[in-house]
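Written out below as structure tokens is the structure these notes cover.
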Amino acid sequence: MISLNEYPVIVNKLKIKAGLDISEKRLPQDGRITIKNGLDEFDIRVSSLPTLHGEKIVLRILSKDADHIQLDDLGFTEKELKSYKETIKKPNGIVLISGPTGSGKTTTLYATLKLLNDDKTNILTIEDPIEYTLEGVNQVQLKENIGLDFASTLRTFLRQDPDVIMVGEIRDVNTANMAIRAALTGHLVLSTIHTNSAWATISRLIDMGIPAFLIASTLNVSVAQRLVRKLCEHCKEEQPISIDVFPHHFEIPKTLTRHYKPVGCNTCYQTGYQGRKAIYEIIPIKKDIIAHIKANELEVDSYLKDHNIATLKSNAIELVANGITSIEEVYPLLTD
């Protein structure tokens with residue numbers, strides 16, 4: 001525990017290292033600390049927030065090296081990986097990845113860029129922040145205070161003869177329209193958006209005012225993802241299935257006869273978990289789903305079932321059945 005006397009000193013030291021103003025305690029501030037450990041280099045994102053009893057500091061560790069990021073290691077099933085790779089090999093169109101903050105969307109985008117990156121491909125990115133550096137990729141840091149936002153930078157990108165464009169996030173209708181325009185003029189656009197499912201991404205674009213026919217003609221694939229912790233292999237404990245651990249009205253699959261719960265040991269620092277894994281829901285945009293998009297249909301469960309497209313919920317149950325994660329970790333996905 002840090003004593004109250006030590007706390008202000010530690011906060012000021014962190015703010016100095018992050019390049020923040022130590023005299024400003026009334027406004028939130030953001031900065032970064034770069035740490036070199038041998039050949040490895042890390043960024044620590046520092047966020048300060050003024051609260052009733054003093055400043056709250058959050059540190060987020062980011063590895064600047066993207067060499068270890070591989071699409072094959074993120075959590076795709078074999079079928080999903082094949083489907084996703086087919087969509088990103090198209091020379092133009094939009095690839096959208098959705099999910100809440102901290103669900104690994106940016107990591108998936110960087111792994112995709114790494115696969116597409118070669119000497120003949122001109123790749124441009126606009127990010128906030130630049131979380132990894134990729135050799136051979138032109139990366140631009142967003143600076144909204146001087147007018148360098150997603151939409152204006154995208155407009156400039158189109159004059160830079162790009163093959164692939166990565167936009168950190170589609171936040172507004174202007175950015176969405178520019179992404180559509182870039183896709184229509186022969187570019188492959190990768191981006192993220194905050195929605196709860198792969199189909200909700202399409203509904204969100206329509207709600208933003210993007211015509212359904214434009215979405216149908218430019219969107220290559222809609223991906224939703226979540227990040228779950230993996231159970232520690234050394235201490236996880238098998239439990240019989242009980243209806244009490246599931247959400248109300250959840251229909252337990254017949255194949256699910258057991259589950260594992262976290263316990264905690266020295267290997268996992270008493271947390272019960274070790275490592276993380278992504279869960280995906282991938283909807284490739286093909287001819288038979290374009291009619292659903294143009295009609296703005298909210299219910300596509302029957303389509304997904306008929307085409308054997310795994311949802312976030314079904315993939316979550318699969319991980320529970322295989323003892324990879326716990327019911328507690330995937331509980332929010334089972335309530336939908």
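Miscellaneous remarks
- Rounded to 5, the percent of DSSP beta bridges in the chain classed as antiparallel: 60
- Zone residues, the range 152-184, relative to Lys90, backbone N less than 12 Å from point 7 Å out along Cα-to-Cβ: 183-184
- A helix-only calculation puts the chain at -9000 deg cm²/dmol for mean residue ellipticity at 222 nm, using -39500 (n - 2.57) for each DSSP H run of at least four residues, averaged over all residues.
- Spin-label pair Asn322/Gln139, simplified geometry with 7 Å Cα→Cβ offset, distance in nm: 3.0
- Shown here for the range 1-79: GluC sites (Glu not before Pro) in loop regions (DSSP other than H, G, I, E, B) with at most 10 other Cβ atoms within 10 Å, namely Glu6.
- Based on protein heavy atoms only, the range 1-124 ends up with 63 Å² per residue of surface accessible to a 1.4 Å probe.
- Estimated FRET transfer efficiency when R0 is 56 angstrom, pair Gln160-Val245 (beta carbons, to 0.05): 0.60
- Taking Cα centre as origin and charging only the Cβ of basic (Lys, Arg, +1) and acidic (Asp, Glu, -1) residues, the dipole magnitude of the chain rounds to 260 debye.
- Fully extending the segment from Thr121 to Val263, taken as 0.36 nm per residue of separation minus the present Cα-Cα distance, adds 46.3 nm.
- Only one item in (1) 33, 31, 19; (2) 42, 23, 18; (3) 55, 33, 14 matches semi-axes √(5λ) of the Cα gyration tensor in Å derived from the coordinates shown, and that item is (1).
- Taken over the C-alpha atoms, the range 162-201 has Rg and Dmax values of 10.5, 31 angstrom.
- Shape of the range 176-273, Cα gyration tensor, a/c cut at 1.5: prolate
- Positive-end residue, the range 204-336 charge dipole about Cα centroid, Cβ charges, pick of Thr255, Pro211, Cys235: Cys235
- The range 235-292: Lys pairs at Cα distance under 26 angstrom, eight or more positions apart or on different chains: 5
- Accessible area per residue for the range 125-210, computed on protein heavy atoms with a 1.4 Å probe, is 43 Å².
- Rounded, prolate or oblate (a/c below 1.5 giving rounded, otherwise prolate when a/b exceeds b/c) for the range 96-217 by Cα gyration tensor: rounded
- In the range 1-86, lysine pairs with alpha-carbon atoms under 20 angstrom apart (chain gap of 8 or more, or interchain): 12
- Computed lengthening from Ser203 to Tyr331, 0.36 nm per intervening residue step minus Cα-Cα distance: 43.6 nm
The values are calculated or read from the model by the stated rules, or taken from the named source; none is laboratory data. It should be emphasised that the depicted structure is a prediction, and the values quoted were computed from it without experimental measurement. As a convention, Cβ positions derive from the backbone with ideal geometry for all residues, glycine included, and neighbour counts pool all protein chains shown. The protein model used for the area step is the full one, side chains on, heavy atoms only, and it has no ligands, DNA or RNA in it. Shrake-Rupley method; radii C 1.70, N 1.55, O 1.52, S 1.80 Å.
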